[in-house]
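The values are calculated or read from the model by the stated rules, or taken from the named source; none is laboratory data. What you see is a predicted model, and the numbers here were worked out from it, not measured in a lab. A quick note on method: Cβ atoms are made from the backbone with ideal geometry, for glycine too, and the neighbour counts reach across all protein chains shown. Remember, those area values only see protein heavy atoms, side chains included, never the ligands or the DNA or RNA. Shrake-Rupley method; radii C 1.70, N 1.55, O 1.52, S 1.80 Å.
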Amino acid sequence: QVQLVESGGGLVQPGGSLRLSCAASGNIFSINDMRWFRQAPGKEREFVASSTWSSDSTHGGAVQGRFAISRDNRANTVYLQMHSLKHEDTAVYFCNADVKPKDVIEYRPYWGQGTQVTVST
């Protein structure tokens, strides 16, 4: 079994910052790309950022310049540093990773359960 667990969500005022974490654990041989998505009420899930194993990163247009993805491969953890938060950043943030379990020959996608980020006064 492979688990992804997000943490770090919460309530923050507009203009504030938060740092999300997502730790992968379990029967892991290796992890390829790790990503963050978000989903606001009544909207489709939206790509936020991704990072390759070598930390090449891509960020969605809505968060470019405000959010930064990073990862610690030894800890199987990916982070999302969020600055200058806006009301429209309010959503459930999900972690996604391409993981190769020890007893499987291919990489498979896994998702975390999500963490709520609310930007409000």
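Overview of values
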{"quantity": "LYS43 - accessible surface, heavy atoms, 1.4 Å probe, Å² rounded to 10", "calculated": "130"}
{"quantity": "Probe 1.4 Å, all protein chains present, accessible-area order of THR58, THR77, THR121, largest first", "calculated": "THR121, THR58, THR77"}
{"quantity": "Contact order normalised by residue count of the range 1-55, Cα under 8 Å, 6+ apart, percent", "calculated": "28"}
{"quantity": "Solvent exposure ordering (accessible area, 1.4 Å, most first) of GLU106, GLU44", "calculated": "GLU44, GLU106"}
{"quantity": "Environment charge at HIS83 (Cβ cut-off 10 Å; Lys +1, Arg +1, Asp -1, Glu -1)", "calculated": "+2"}
{"quantity": "Local electrostatic count at ALA40 - Lys and Arg +1, Asp and Glu -1, tallied over other residues with Cβ under 13 Å", "calculated": "0"}
{"quantity": "Normalised contact order of the chain, rounded percent, pairs of Cα under 8 Å and 6 or more residues apart", "calculated": "37"}
{"quantity": "Solvent-accessible area per residue for the chain (1.4 angstrom probe, square angstrom)", "calculated": "53"}
{"quantity": "Kirkwood hydrodynamic radius of the range 21-79, Cα pairs, Å", "calculated": "12.3"}
{"quantity": "Distance between the range 1-63 and the range 73-121 - C-alpha centres, whole angstrom", "calculated": "2"}
{"quantity": "DSSP-loop chymotrypsin sites (Phe, Trp or Tyr not before Pro) across the range 1-99, with at most 16 other Cβ within 10 angstrom", "calculated": "TRP53"}
{"quantity": "Dipole magnitude (debye, nearest 20) for the chain, charges at Cβ of Lys, Arg, Asp, Glu", "calculated": "140"}
{"quantity": "Accessible area of MET34 in the full protein assembly, 1.4 Å probe (Å², nearest 10)", "calculated": "0"}
{"quantity": "LEU11-SER25 pseudo-label distance in nm [points 7 Å out on the Cα-to-Cβ vector]", "calculated": "2.9"}
